[in-house]
Amino acid sequence: MIKNTPGEKIFIAVNYVFMIFVMMMMLYPFWYLFMYSISDPKLSATGGLFLKPSGFSLASYSLVFNNVSFLSGFRVSFIVTIAGTLMAVFFTATTAYAISKKRLRGGTFFTFIFLFTMLFNGGIVPSYLLVKDLHLLDSLWALILPNMLGAWNILVMRTFFAGIPEELEEAAKIDGASTLRIFFSIILPLSKAVLATIGLFVAVFYWNDFFSTILYITDKNKWALQAVLRDIVNNASSAMQSQGVSIGYQQTVSENTVKMASIVVATLPILIVYPFIQKYFAKGAMIGSVKG
Amino acid sequence: MMKVKDLELKAASRPVGKAASGRLRWLVRDLKRDKALYLLLLPGLLLILVFKYIPMYGLVIAFKEYNIFSGVGASPWVGLLQFERLFRTPDFTKIFANTFIISFLKLAFGFPAAIVLSLLLNELRNMAFKRFTQTIVYLPHFISWVIFAGIITIFLNPVDGVVNFVLKAFGGQPINFLTEPSYFRPMLVVTDIYKEIGWGTIIYLAAMSGVDPHLYEAAIMDGANRFKQMWHITLPSIRPVIIILFILSLGNILEAGFMQIFLLYNPLVYDVADVIDTYVYRKGILESNYSLGAAAGIFKSVIALALIVLTNKIVKKTGNDGLW
């Protein structure tokens with residue numbers, strides 16, 4: 001290696017400092033939310049919350065965990081995320097595996113059918129009418145089915161499957177394994193990285209999905225978490241009143257601390273899962289994107 | 001076995017000649033051989049046909065006077081009436097301009113920002129630090145716009161928000177970014193970059209990691225410093241990726257970020273923030289004006305498609321690889 005010139009040394013140092021600054025910027029909102037949510041509302045309302053919480057109170061959290069609509073939203077999103085992700089990963093995999101086989105007749109045509117949906121779509125109104133005509137309005141299926149398969153996910157998996165050496169499958173075939181057997185007991189176990197990646201993407205989508213609720217669900221008991229959350233953020237005082245929070249109780253919580261606590265609780269599942277799957281998705285996303 | 005023979009006989013009895021019958025036989029043989037693959041393909045194909053293609057067919061209501069009771073098929077055709085209505089809406093020019101301006105601003109600032117951040121990340125030689133940084137900058141992408149809108153509202157609050165706290169500390173006047181039309185668009189651009197810049201680096205970094213190390217060695221031999229290496233090797237090497245992502249983002253130019261705007265806007269800033277999608281949602285769904293909403297949707301999709309095709313053509317004319 002040739003030694004770095006003084007100019008390069010300065011650049012390297014500045015680059016590291018800059019990256020640390022960027023990271024702090026990215027993390028600060030989360031820190032801010034957290035410290036606000038555990039602060040004493042009497043102190044936080046006066047402003048000046050900047051780096052550390054002022055006072056300490058968990059009253060907002062107890063309110064969040066006793067908020068009926070928050071809990072119901074949490075439950076709906078949980079069910080939709082788990083069920084939706086399992087089905088989405090499974091069917092994305094089956095579809096992608098089929099079109100990854102060059103010998104499949106019409107494979108190019110089917111790939112085109114999927115690709116085209118990335119360029120053109122029916123949009124909001126026809127999608128709404130379709131769900132309505134299928135009598136799925138106000139059903140959890142409306143939150144799951146329309147967004148279950150995405151062309152991009154299928155293409156990422158197809159690229160991954162196409163990279164698995166053909167010899168593996170041929171060896172299994174000689175041993176008498178059927179196509180389905182090969183898919184389930186050889187291909188899927190080899191594809192954990194891409195399955196985890198796509199699973200994470202889909203799960204995050206379902207967990208964060210807000211639009212499907214406002215489009216398809218009018219029954220508030222079936223609202224997903226993000227819609228409930230928006231209600232709380234926009235309207236914390238009425239949400240608190242409907243929960244029968246007395247004037248006396250409002251001394252220990254404020255609209256803002258309740259908002260913050262709700263946001264923290266809603267974000268937690270992603271923050272918990274993210275570090276575990278993170279190492280997979282960098283790899284998985286790259287596999288899909290580079291070869292496209 | 002019977003079936004194949006039947007088909008073969010039928011094919012043979014037709015006067016089409018040997019080629020066609022041969023093709024049919026191959027087809028039947030392939031269908032039989034790969035019936036497991038077709039079985040695996042079927043559910044995915046059905047889901048895509050139902051949930052992506054039927055809505056495309058549903059767009060015909062833009063050329064009809066949609067009636068809920070008669071359904072899509074039986075509603076009467078009205079030609080281009082809905083489009084005329086759309087173009088005559090007093091707000092139409094405004095909505096179209098907003099969509100275009102907001103998207104353009106996001107593209108103009110966000111697109112290069114992601115490339116610059118990728119170049120800087122790529123210069124980090126400490127692998128553990130690099131990976132840690134990447135993990136952190138990807139994170140905001142995974143947080144919902146609902147939560148972000150909540151955070152943004154709190155941060156920009158004119159009374160006790162952090163941003164105005166800092167402004168005041170430096171002797172400035174507090175600004176209400178969310179209700180002040182002149183600040184609303186810059187706010188959209190900045191918060192969008194904040195949320196997506198890290199995610200935008202993934203593909204570039206992948207492309208950069210594929211650059212042949214010999215190129216750098218040769219450049220160092222020739223006395224190139226880091227900046228020159230970046231400029232003459234890294235950037236040209238990822239040019240195909242940049243071009244493809246650019247074409248794709250042009251296709252999204254009329255998206256403008258529906259969720260973000262929908263969650264942050266309010267009647268005070270409609271003039272600068274109302275875009276095609278928010279308009280479609282309000283007119284089409286909330287006011288049940290389905291045909292008009294669909295017409296606005298078509299208008300958007302067709303322009304987007306045209307932009308992709310056009311850019312792809314230009315890119316190929318200039319001697320680069322396009323999307324297809």
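The values are calculated or read from the model by the stated rules, or taken from the named source; none is laboratory data. Nothing here was measured: the structure is a model prediction, and the numbers come from that model. A quick note on method: Cβ atoms are made from the backbone with ideal geometry, for glycine too, and the neighbour counts reach across all protein chains shown. Ligands, DNA and RNA are stripped out before the accessible areas are found, and what is left, the full protein with its side chains, is counted by its heavy atoms. Shrake-Rupley method; radii C 1.70, N 1.55, O 1.52, S 1.80 Å.
Data overview
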{"quantity": "Net length gained if the chain between B:Phe100 and B:Ala128 were fully extended (0.36 nm per residue, minus Cα distance)", "calculated": "6.0 nm"}
{"quantity": "Local electrostatic count at B:Asn320 - Lys and Arg +1, Asp and Glu -1, tallied over other residues with Cβ under 14 Å", "calculated": "+3"}
{"quantity": "GNM result for chain A, Cα springs below 10 Å: residue of A:Phe120, A:Phe210, A:Phe91 fluctuating most strongly", "calculated": "A:Phe120"}
{"quantity": "Set B:Lys130/B:Lys228; A:Lys102/B:Lys313; A:Lys220/B:Lys283 screened for pairs whose C-alpha atoms are more than 25 Å apart", "calculated": "A:Lys102/B:Lys313"}
{"quantity": "Among A:Ser191, A:Ser127, A:Ser178: highest mean-square fluctuation, GNM of chain A, C-alpha pairs under 10 Å", "calculated": "A:Ser178"}
{"quantity": "Computed over the stretch B:267-324: relative contact order in percent, which uses C-alpha pairs under 8 Å that are six or more apart", "calculated": "20"}
{"quantity": "Cut-off under 5 Å, modelled amide H: who pairs with B:Lys64 long-range", "calculated": "B:Val78"}
{"quantity": "Volume in Å³ per residue [convex hull over Cα atoms, computed for the stretch B:80-119]", "calculated": "57"}
{"quantity": "Contact order relative to length of chain A, as percent, for alpha carbon pairs under 8 angstrom and 6 or more apart", "calculated": "32"}
{"quantity": "0 to 90° range, to nearest 10: angle between helix A:124-133 axis and chain A longest Cα axis", "calculated": "80"}
{"quantity": "Accessible area (Å², 1.4 Å probe, nearest 10) - A:Thr81", "calculated": "20"}
{"quantity": "Positive minus negative residues near B:Ile68 (Lys, Arg vs Asp, Glu; Cβ under 11 Å)", "calculated": "0"}
{"quantity": "Sulfur and carbon atoms: percent of accessible area, chain B [1.4 Å]", "calculated": "68"}
{"quantity": "Tilt relative to chain A, helix A:192-208 - C-alpha long axis, 0 to 90 degrees, to 10", "calculated": "40"}
{"quantity": "Charge dipole of the protein assembly as shown about the Cα centre (unit charges at C-beta), most positive-ward option of A:Ala93, B:Ile303, B:Ala207", "calculated": "A:Ala93"}
{"quantity": "Length added when fully stretched, A:Phe90-A:Leu190, from 0.36 nm per residue minus Cα-Cα", "calculated": "34.6 nm"}
{"quantity": "Accessible-area composition of chain A, carbon plus sulfur, in percent [1.4 Å probe]", "calculated": "68"}
{"quantity": "Degrees, to the nearest 10: A:68-100 long Cα axis against longest axis of chain A", "calculated": "20"}
{"quantity": "Placed amide H near B:Gly322: partners under 5 Å, 5+ positions off or other chain", "calculated": "none"}
{"quantity": "Burial of 50 Å² or greater, the stretch A:123-147 residues [accessible area, probe 1.4 Å, versus chain by itself]", "calculated": "A:Ile124, A:Val125, A:Pro126, A:Leu129, A:Leu130"}
{"quantity": "Karplus (6.51, -1.76, 1.60) ³J(HN,Hα), θ = phi - 60°, over the stretch B:291-302, in Hz, Gly and Pro reported as x", "calculated": "5, 5, x, 5, 4, 4, x, 4, 3, 5, 4, 5"}
{"quantity": "Accessible surface buried once A binds B (1.4 Å probe; total of both sides; Å²)", "calculated": "8400"}
{"quantity": "Mean accessible surface per residue for chain B, computed with a 1.4 Å probe while every protein chain stays in place, in Å²", "calculated": "50"}
{"quantity": "Length-normalised contact order of the stretch A:30-102 in % [C-alpha pairs under 8 Å, at least 6 apart]", "calculated": "22"}
{"quantity": "Low-density loop positions, trypsin sites (Lys or Arg not before Pro), the stretch A:91-163 - DSSP coil, at most 12 other Cβ in 10 Å", "calculated": "A:Lys102, A:Arg103"}
{"quantity": "Net length gained if the chain between B:His232 and B:Glu84 were fully extended (0.36 nm per residue, minus Cα distance)", "calculated": "48.1 nm"}
{"quantity": "Average accessible area per residue (Å²) across chain A - probe 1.4 Å, nucleic acids and ligands excluded", "calculated": "47"}
{"quantity": "Debye intensity ratio I(q)/I(0), log10, the protein assembly as shown, q values 0.05, 0.09, 0.10 Å⁻¹ (C-alpha model)", "calculated": "-0.27, -0.86, -1.06"}
{"quantity": "Where A:Asp209, A:Asp231 fall by accessible area, highest first, once all protein chains stay in place (1.4 Å)", "calculated": "A:Asp231, A:Asp209"}
{"quantity": "Local net charge near B:Arg282, Cβ-Cβ under 13 Å (Lys/Arg +1, Asp/Glu -1)", "calculated": "-3"}
{"quantity": "Dipole magnitude (debye, nearest 20) for the protein assembly as shown, charges at Cβ of Lys, Arg, Asp, Glu", "calculated": "1860"}
